[in-house]
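The values are calculated or read from the model by the stated rules, or taken from the named source; none is laboratory data. Nothing here was measured: the structure is a model prediction, and the numbers come from that model. Virtual Cβ from ideal backbone geometry, glycine too; neighbours counted across all protein chains shown.
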Amino acid sequence: MTHHTHDLTDRLARAQKAAAEAGMDALVISPGADLRYLTGYEALPLERLTCLVLPAGGDPVVVVPALEKPAAEASPLGGLGLDIAAWDETDDPYALVASRLPGVVRAVGLDNHMWAEKVLNFRRVLPNAEQVLAGAVLGELRMRKTADEVASLRAAGAAIDAVHRRVPEWLRPGRTEREVGKDIADAILAAGHATVDFVIVGSGPNGASPHHELSDRVIEAGDQVVVDIGGTMPDGYCSDSTRNFSLGAPPAQYAEYFAVLLAAQQAQCAAIRPGITAEELDAVGRDLITEAGYGAEFIHRTGHGIGLETHEEPYIVSGSARPLEPGMAFSVEPGIYLAGRHGARIEDIAVCTAEGGERLNLTPRELVVVDV
Ligand code: ZN
Ligand code: ZN
């Protein structure tokens with residue numbers, strides 16, 4: 001997807017309206033996914049202040065260091081016709097922001113990932129404004145994807161699927177996780193991603209640690225391996241998918257719980273539809289895993305939203321009564337982990353549609369047995 005000017009203009013207008021409804025007088029958005037979502041500008045996260053200042057009522061202004069103005073103008077932001085205010089090295093950019101805000105600012109929404117030093121500088125220049133999280137309004141907008149955004153996620157899914165199909169070529173006894181991970185990272189870029197976000201190769205007992213990344217452990221015949229990989233496409237949208245591999249036939253207990261996991265993940269994907277709540281979708285898989293005796297080994301939530309960030313709203317977790325809506329995109333990734341032995345996780349990105357759900361990762365989810 002390229003950034004269409006009318007989409008960005010519409011997002012700015014909707015963000016202003018949502019901020020006003022939430023009682024925020026302005027949003028102040030520093031570099032990151034929120035800024036890219038609203039303006040198309042993929043700004044560098046620098047110590048010098050760059051931010052979008054979006055009054056709830058009034059014209060937006062983008063404050064940038066003079067050094068960054070050409071980059072800002074060359075980005076999709078440059079086509080929006082917004083005022084771009086450049087500050088020089090000896091200016092106080094925070095005072096500049098304060099001067100561009102409406103007269104009385106009671107509450108200002110700062111993006112959730114703003115650096116603390118910037119938050120505190122805004123406290124200094126706006127001492128009477130309550131600081132609140134802009135994510136309360138922007139998360140609500142970003143989690144409802146347009147058809148163009150879903151198409152971007154579908155393309156990201158196809159790109160990471162192409163990498164998963166090649167993993168058996170690289171998984172050989174005697175190679176380390178790090179060596180395999182290097183091949184995977186190269187392939188993530190070759191498949192069209194702009195960046196590699198993470199590469200998890202959890203072999204043998206490392207597969208029982210969900211956020212294990214890479215180590216110098218030598219992969220052996222008889223190992224089961226969890227491969228969870230993702231990257232960001234040139235348009236900013238992210239991929240994330242997990243598949244499981246076995247070098248030779250797996251042990252009986254692994255095969256037993258893998259079948260449970262596969263059935264649980266399938267049931268969850270089949271249960272996606274508008275109106276089901278996040279916690280209900282979590283329970284669809286968790287109940288099956290618990291009935292099979294592995295409830296205590298499913299040690300994390302079912303999934304997370306995905307878009308311009310790998311982890312964003314909506315989270316598919318017990319305790320969230322949020323009903324799913326068409327356009328919401330998220331992972332479905334139950335796992336079973338036997339500490340010190342082995343583990344498995346099956347992960348697809350799925351999107352809620354008007355009729356049900358669509359999976360955006362399409363490689364086989366069965367255990368891939370690699371001949372050794
Ligand atoms: Zn994930
Ligand atoms: Zn993942």
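Some notes on this structure:
- Scoring Val226 on the criteria (1) assigned to a strand (DSSP E or B); (2) away from ligand 2 (no atom under 15 Å from the Cβ) leaves a single failure, condition (2).
- Residue that is farthest from Glu130 (Cα to Cα), among those in the stretch 16-52 that are in a loop (DSSP other than H, G, I, E, B) and among the small types (Gly, Ala, Ser): Gly40
- Annotation note: of Val369, Val332, the sole residue that is touching a Cys at 6+ places or on another chain (Cβ under 6 Å) and at pLDDT 95 or above is Val332.
- Cβ-Cβ under 6 Å pairs, at least 6 apart or on other chains, the stretch 219-244 side farther than 21 Å from Gly335 by Cα and among the hydroxyl-bearing types (Ser, Thr, Tyr), far side near ligand 1 (Cβ under 10 Å from one of its atoms) and assigned to a strand (DSSP E or B): Thr232/Cys238
- Segments classed as helices (runs of 4 or more DSSP H), wholly inside the stretch 84-180, with at least 2 members that are within 30 Å of Asn361 (Cα to Cα): 135-142, 147-170
- Screening Gly157, Gly174 for residues that are more than 30 Å from Ala18 (Cβ to Cβ) and either surrounded by 20 or more Cβ atoms within 10 Å (Cβ to Cβ) or touching a strand residue (DSSP E or B) at 6+ places or on another chain (Cβ under 8 Å) (or both) leaves exactly one candidate, Gly174.
- Taking the numbered list (1) touching a helix residue (DSSP H, G or I) at 6+ places or on another chain (Cβ under 7 Å); (2) within 16 Å of ligand 2 (Cβ to nearest atom); (3) of a type outside the set (Ser, Thr, Tyr) in turn, Ile299 passes all entries but (1).
- Remark: pairs (first residue in the stretch 44-69, over 19 Å from Asp10 (Cβ atoms); second residue among the aromatic types (Phe, Trp, Tyr); Cβ separation under 7 Å; 6+ apart in sequence or on different chains) = Leu49/Tyr94; Val63/Trp87; Pro65/Trp87; Ala66/Trp87.
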